[in-house]
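Contents: one structure, followed by commentary.
The numbers here are math on the coordinates, done by the rules we state, and not lab data. Keep in mind the model is a prediction, meaning the values are calculated, not measured. Note that each Cβ is placed from the backbone with ideal geometry, even for glycine, and that neighbours are counted across all protein chains shown.
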Amino acid sequence: MKEQLQDLLIKSLGDLIEKGLLTELPSKIRLDHTKDKTHGDYATNVAFVLAKQTKSDPKKLAQTIVDQLGESELVKKTEIAGPGFINFFV
């Protein structure tokens, strides 16, 4: 499941690069199990990493990434938590 979610994230980030909203993929995308299941099954800080590279707001960038993800049979829902974490409920 983790690999499938990472692939979905990479595809979405690639789409944002094609649209000119990002310049490059991060060297590593962290996707970890959450410690607290109320925060979903997996979480990523990719918006923080990319916001630092692009000098943009991580929370707004997280929303852009979530919007680009669209519908997926893998993901029941996504949430943006705190200043820009993306939580995945599978």
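Place +1 on the Cβ of every Lys and Arg and -1 on the Cβ of every Asp and Glu in the chain, take the dipole about the Cα centre, and give the residue among THR64, MET1, VAL49 whose Cα lies farthest towards its positive end.
Value: VAL49.
So, counting K/R as plus one and D/E as minus one, what does the shell of residues with Cβ under 14 Å around GLU79 add up to? Write down the numbers at each step before the final one.
Details: positive: LYS37, LYS59, LYS76, LYS77; negative: ASP36, ASP41, ASP67.
Around GLU79, the surrounding residues sum to +1.
Measuring from the lowest to the highest alpha carbon on each principal axis, how far does the chain reach, largest first, in angstroms?
If we take the Cα atoms of the chain, the spans are 33, 25, 21 Å.
Quick check: the angle from helix 2-18's long axis to the longest principal axis of the chain, C-alpha only, nearest 10 degrees?
Tilt relative to the chain: about 20 degrees.
Let's see if you can work this out: charge +1 on each Lys and Arg Cβ, -1 on each Asp and Glu Cβ, no other charges. What is the dipole magnitude of the range 2-89 about its Cα centre, in debye to the nearest 20? Walk me through the numbers on the way to the answer.
Numbers: 13 positive and 13 negative charges, 70 e Å.
Here the range 2-89 has a charge dipole of around 340 debye.
Could you please report the charge total around THR64, scoring K, R as +1 and D, E as -1 over all other residues with beta-carbon less than 11 angstrom from its beta-carbon?
Details: positive: LYS19, LYS59, LYS60; negative: ASP15, ASP57, ASP67.
Taking every other residue near THR64 into account, the sum is 0.
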